[in-house]
Amino acid sequence: MYCGKSKINKKVAFILAAAGLGKRMGLDYPKQFLEYKGEPLFYSSLKIAFENKLIDEIYIITNEENLEYMNKFCKEKELFSKVKKIVKGGAERQESVYNALREIKNADYVIIQDGVRPFLEDEYIEKTLEVVDDDGYDGAVIGVKVKDTVKLVDIDNEIISTPARDFIILVHTPQTFKFDIIKQAHEEAKQRKIKVTDDSMLVERMDNKRIKFIHGNYDNIKITTKEDLKFLK
């Protein structure tokens, strides 16, 4: 149980989104199964979550064809004391996360982590939980401020404007939310057929909800293309 400054015990669930297909990587197998330090890539984040004492339950999302493999992997690593369910992924990440949220029966907070973002740190878990538990926020996301000048372009790649980069961030994971709020956000999006690229976007659409940005590290990258493989060396 997580116990923040308020000294109120809260139940924390952790969702590992590991159901990607690796299309942009050009692989013939999902990129979360790339080998990193002798283990599949997703295990880096999974191991941190399993050993973190603030996390009570873990839910792993994976492709249907890899459900058997993931169950076998968790059994061999003796992870089922904390891993409560291996969840079948959906057609897109948003659907996959919603599938996992539906499996969580009782939690106060939920942490959502990309399975191909292997540089998760305990500090990220602790800081995001502290924000939602003590500071009155409905969610907290790890990210970094952009270093370069940012331009907005139209469909023809013509520059439209140059927003102030001081107020632009690159969003990473983990993203931590009050469980009832993120689940409601996903349910409303499903009903209205709203598509987003990260979970915080759904909460941002809700009235009177606040999400805090917490500065992480620039090396907390998502392994998406072949160019990203250099970060695993």
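Selection of the range 96-123 for residues being without any contact (Cβ under 8 Å) to a residue 24 or more places away in the chain and not basic (K, R) yields only E123. Number of residues in the range 133-171 that are modelled with pLDDT of 95 or more and either within 19 Å of L54 (Cβ to Cβ) or small (G, A, S) (or both): the value is 8. Of the residues making up the range 58-90, those that are over 20 Å from L34 (Cα atoms), part of a loop (DSSP other than H, G, I, E, B) and open to solvent by 30 Å² or more (accessible area, probe 1.4 Å) are E78, F80, S81.
Selection of the range 91-114 for residues being crowded, with 16+ Cβ neighbours inside 10 Å and either assigned to a strand (DSSP E or B) or at pLDDT below 95 (or both) yields R93, Y109, V110, I111, I112, Q113, D114. Checking the structure you have, find out if any residue of the range 186-205 is more than 23 Å from G20 (Cβ to Cβ), of a type outside the set (S, T, N, Q), part of a loop (DSSP other than H, G, I, E, B) and open to solvent by 50 Å² or more (accessible area, probe 1.4 Å). Looking through the range 186-205, at least one residue is more than 23 Å from G20 (Cβ to Cβ), of a type outside the set (S, T, N, Q), part of a loop (DSSP other than H, G, I, E, B) and open to solvent by 50 Å² or more (accessible area, probe 1.4 Å).
The values are calculated or read from the model by the stated rules, or taken from the named source; none is laboratory data. The structure displayed is predicted, hence computed values, not measured ones. Counting neighbours? That spans all protein chains shown, and the Cβs are built from the backbone with ideal geometry, glycine included. In case anyone asks, the SASA skips ligands and DNA or RNA and just uses the protein heavy atoms, side chains included. Shrake-Rupley method; radii C 1.70, N 1.55, O 1.52, S 1.80 Å.
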